[in-house]
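Q: Structure incoming, see below.
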Amino acid sequence: MKIEIRNVSKLFNGVDIIKDVNMNFESNKIYGLIGRNGSGKSVLLKMLCGFYDTTKGEILFDGVNVIKHKTFPPNTRALIEKPFFLPDLTGYENLELLASIQKKIGRDEILLALEKVKLIEEKDKKFSKYSLGMKQKLGIAQVLMENPTIMIFDEPFNGIEEKTANELRNVLKEEAKKNKIIIIASHIKDDIDNLCDEVYKLDNGIIIDYYKK
Amino acid sequence: MKYIILNDISFIINNRKRIVFSYLLIATIYFWYNVLIDSSKDIYLLYKTLSLDYNYNNGDWLETLMYVYSITIYIYIALSLLTKDLKSSASNIFLRIDIRKWILFKIFSIHIISTLILICMYILIILPNYMNLLSFDLYILLFKNILYIFLIQNVIIVLLAIFSKFKTVVPFTIILVLTNIFVFPTSVLSLNGIAILILFFFSIIFLLVIYKILFVNIFESN
C-alpha cells in the first residue's frame, strides 16, 4: 500500500491552510506529523480520510484518487479529535456496535483490541464513567480492532499516562510491521521521536522539515 | 443501520430531550387553551393544534406561532441529527460505511424519531379527547401529516446540501422555516396524499443522486 500526497493545497474562506504539500507513505512504517496547534496537521489528516476535498493537488491510494471519486480510502481507520462514543453503553458495547456496521469482526477481535490498549478491566464500565485517558484508549481500540491497512491518529496519547503511552507505542510498532501504514500527528516531539520512522514537520500549512530516523 | 439509529436516539435523549418535552408540553397546553376558548372539542381544534389546516392568510397569530414552532422543531431535529455525525463521529462512521448507505439510514433514522415524537403528540391529544372520532379518514390525515413532515425534512436536507454555508444549525433553521411558510403548501388537510407520497420517494431518490455534493458541502461547512 502506498499513499501519495501530490502538490496538495487547501483553502478555507480564502485562507491557505495547507500549501503545496508533498508527502509519501508506505507500508511497514510509522509516519509522524509534527507541528504546533494550527499548523495544518488535522486538516491534512482529514483530507487523507476523505473528509475534506483538496483545493489543489491530489491524494492517491495505490495510484487511485479516492477524494476525486468522493469515496473514502479503503480499509482505513482513524482517531481524529475527541473520541465519540455512546455514553450509556459500556466500552465493549460501544466497540461491538461500531463493529456491527461492517460485521468484519466478532467478540474475540474486540476483546483483543481492548487488551492491547489495556482497557480490558474496564470494558464493562459505561463510557460516561471513563476518564479522559480511558476514552482515548477506547478511541485507539476502535482503530485497531478491525485490523485496517491504514491507521491515522491525531494526538492519540492525550491524557494517557506515560507508562500506558509507551505500551501503546509498542503496540503500534508491532502493528506497523504487519504491512500497515500508520500516520500520527502530534504537537509533542517526544511522541513522534519515540515512535516514528519518518517525520514531517509542518508550520503554517507547509512542510518545513522532513527526516528519517 | 443499528449503529446510526441507536446513536441518534441516544443523541435525542441526552442532548435534545428538553426540546422534545417542551414541544409536547406546549402543544398540549395550546390544545387545552383552544378548548377553553372554544368551549368544545370540535375536531377543528385538533387540526389547529397539530397545524393540519394552517393557512397564513387566515390563521390567527397564535396558530401561526404554533405552526412555525412545530415546523421548526422537526427541521431542527433533522438538521441536528444530520450534522452531529459530521461534527463528532466522522471517523467512526464514514470510514466504515458508504455515504449513500449513511444518507439512507440517516434519513430513515430522522423519520423514525420524528414519527415517535408525532405519535407521542397524537397519544397526548387524540387518545384522551377524540377516541370516539377515530376513523379511517382521521388515520389517513395523520399519516399524511407524518409524510408531510418527512417531505419537509428531506427538502431541507437537500437545501442544506446545496446552500451549506452556515456554520450553525440555528440560523439555517430560521431561514428554512420562513421558506417553508411562504413557499410550501401548509394545509395538510387539503393536500393530495398520493402526491405527498410520490414527492417523498422522489426526494429520497434525489438525495441519493446528489449524495456526493451533500456530503462534501455539509462536511466542509462544519
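All of the numbers you see were taken from the coordinates with simple rules; none came from a lab. This structure is a prediction, so every number in the text was calculated from the model and none was measured. Cβ atoms come from the backbone with ideal geometry, glycine included; neighbour counts cover every protein chain shown.
Q: Within region B:36-75, find all residues whose amide N lies under 17 Å from a label point positioned 7 Å from the Cα of residue B:25 along Cα-to-beta-carbon.
A: Those under the cut-off are B:70, B:73.
Q: Among the chymotrypsin sites (Phe, Trp or Tyr not before Pro) in region A:182-213, which ones are in a DSSP loop with at most 11 other Cβ atoms within 10 Å of the Cβ? Mind listing them?
A: On the way: sites: A:200, A:210, A:211; in loops: none.
Counting only loop positions with at most 11 other Cβ atoms within 10 Å, none of the chymotrypsin sites (Phe, Trp or Tyr not before Pro) in region A:182-213 qualifies.
Q: Share of Cα-Cα pairs in the protein assembly as shown beyond 37 Å, in percent?
A: Working: 32569 of 94395 pairs.
Cα-Cα pairs of the protein assembly as shown separated by over 37 Å account for 35 percent.
Q: Related question: For the protein assembly as shown, give the share of DSSP beta bridges that are antiparallel, in percent and rounded to the nearest 5; count only bridges with both residues there. Don't skip to the answer; put the middle values down first.
A: On the way: 21 of 40 bridges.
Of all bridge pairs located within the protein assembly as shown, approximately 50 percent are antiparallel.
Q: Continuing with the same structure: Residue B:100 to residue B:131: FRET efficiency via 1/(1 + (r/R0)^6), r the Cβ-Cβ distance, R0 45 Å, to the nearest 0.05?
A: Working: r = 43 Å, r/R0 = 0.95.
Given R0 = 45 Å and the Cβ-Cβ separation, E is 0.55.
Q: Under 19 Å from a label point 7 Å along Cα→Cβ of residue A:104: give me every residue in region A:129-155 with its amide N that close.
A: A:138-154, by backbone N distance to the label point.
Q: Could you list the trypsin sites (Lys or Arg not before Pro) in region A:29-58 that lie in coil according to DSSP, counting only those with at most 16 other Cβ atoms within 10 Å of their Cβ? Walk me through the intermediate numbers first.
A: Numbers: sites: A:29, A:36, A:41, A:46, A:56; in loops: A:36.
Passing both the DSSP loop test and the Cβ count: A:36.
Q: Grab the DSSP H runs of chain B that are 4 residues or longer, score each as -39,500 (n - 2.57), total them, divide by all residues and round the 222 nm result to the nearest 500 deg cm²/dmol. Don't skip to the end; give the middle numbers.
A: Details: 10 runs with 176 residues, N = 222.
My calculation for chain B gives -26500 deg cm²/dmol from helical runs alone.
Q: If each residue of separation counts as 0.36 nm, what is the full-extension length gain between residue A:177 and residue A:7 once their alpha-carbon separation is subtracted?
A: Numbers: separation 170, 0.36 × 170 = 61.20 nm, distance 2.86 nm.
Computed gain between residue A:177 and residue A:7 is 58.3 nm.
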